[in-house]
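Novice: This is the structure I want to talk about, given as structure tokens.
Derivation of every value follows stated rules applied to the coordinates shown; laboratory data play no part. Bear in mind the structure is a predicted one, so any value in this text is a computation, not a measurement.
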């Protein structure tokens with residue numbers, strides 16, 4: 001199993017999305033993933049990542065290649081300094097979730113820092 005760094009914990013929202021907080025060395029923000037009601041294709045994001053009322057990213061529904069397969073969200077958060085590409089894994093009941101950085105991403109040097 002690949003090691004992953006947890007950067008956030010989330011719970012289901014009443015609107016069918018997720019709400020929680022991301023904490024890294026440079027970020028500590030409460031965000032929401034709200035259902036994208038304007039999907040124009042199957043490739044469109046399933047959720048919008050919101051900071052307050054501003055859209056700061058998108059999330060797509062995916063399925064892992066593990067056995068058994070596991071549903072998760074591939075999340076991209078736009079940050080001018082260091083954009084995040086993370087995954088949100090719901091628990092078995094689907095009521096809470098962890099946001100994680102893949103191991104390779106967690107050890108990478110941010111742009112303009114190396």
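Novice: For the chain, with a Gaussian network of springs between Cα atoms less than 10 Å apart, report the residue from 96, 55, 24 with the top mean-square fluctuation.
Specialist: 24
Novice: To continue, here is another question. Stretch residue 96-residue 11 to full length: gain in nm at 0.36 nm per residue minus the Cα-Cα span?
Specialist: Numbers: separation 85, 0.36 × 85 = 30.60 nm, distance 0.43 nm.
Residue separation times 0.36 nm, minus the Cα-Cα distance, leaves 30.2 nm.
Novice: Between 39, 74, 48, find the one with the highest GNM mean-square fluctuation for the chain; connect C-alpha pairs within less than 10 Å.
Specialist: Maximum among the listed residues: 39.
Novice: Related question: If you average the sequence gap of Cα pairs under 8 Å that are 6 or more apart and divide by the length of the chain, what percent do you get for the contact order? Present the calculation step by step, with values, prior to reporting the outcome.
Specialist: Working: 223 pairs, mean separation 27.2, N = 114.
Over the chain, the number comes to 24 percent.
Novice: Specify the residue with the greatest mean-square fluctuation among 90, 68, 102, computed from a Gaussian network of the chain linking alpha-carbon atoms under 10 Å apart.
Specialist: 68
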